[in-house]
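Each reported figure results from applying straightforward, stated rules to the coordinates on display, with no laboratory input. Because the structure is a prediction, the values reported are computed rather than measured. Using ideal geometry, Cβ is built from the backbone for each residue, glycine included, and neighbour counts are taken over all protein chains shown.
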Amino acid sequence: MKYTNTDKAPAAIGPYSQAVTAGGFLFISGQTPFSPETGETIGTDVAGQAEQACKNIGEILKANDLTFEDVVKTTCFITDMADFGAFNEVYAKYFVSKPARSCVAVKELPKSILCEIEVIAAAK
């Protein structure tokens, strides 16, 4: 297994890795709207937070010489299904290849954020 640790995405805030490559796939831990520099939440609504989460995903993909085109599956967590449309607008800008996806509403996310996205990509 190969572990990813880039300072261009937020550091893990628990006992896990930003991403792990194994079996021909890159598994990216749930990415949040946290600033890689400060750890603070970027964005006050789901669209702003989804934008930052996607930027963080992009940096982890880049650190592994991958792009959003290599993503095969995402799992998305939002705290309010009323935000589904706004979340999708941002998501669609990044995941243009339309990978398989699950999206669920959850009661709460760390630091009261509004969304989180985890990714599986085909590794090169």
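Semi-axes of the equivalent ellipsoid for the range 2-122, computed as √(5λ) from the eigenvalues of its C-alpha gyration tensor and ordered from largest down, come to 21, 17, 12 Å. Report note on the peptides 62-68, 94-100: ranked by the mean count of other C-beta atoms within 10 Å, highest first, their order is 62-68, 94-100. Listed by Cβ neighbour count within 10 Å, with the fewest neighbours leading, 20, 90, 72, 104 appear as 104, 72, 20, 90.
Think of it as helices only: each DSSP H run of n ≥ 4 in the chain is worth -39500 (n - 2.57), and spread over all residues that comes to -7500 deg cm²/dmol at 222 nm. With contacts taken as Cα pairs under 8 Å at a separation of at least 6 residues, the range 70-124 carries a relative contact order of 60 percent. Any idea what angle helix 46-63 forms with the longest principal axis of the chain, computed on alpha-carbon atoms, 0 to 90 degrees, nearest 10? For 46-63 against the chain, the angle is about 0 degrees.
Considering only alpha-carbon pairs that sit under 8 angstrom and 6 or more positions apart, the relative contact order computed for the range 2-122 is 31 percent.
Across all Cα pairs in the range 62-124, the calculated P(r) in 5 Å bins from zero up to the longest distance comes to 4, 17, 26, 22, 16, 11, 3, 0 percent per bin.
For the chain, the longest principal axis of the alpha carbon atoms and the long axis of helix 84-94 meet at an angle near 30°.
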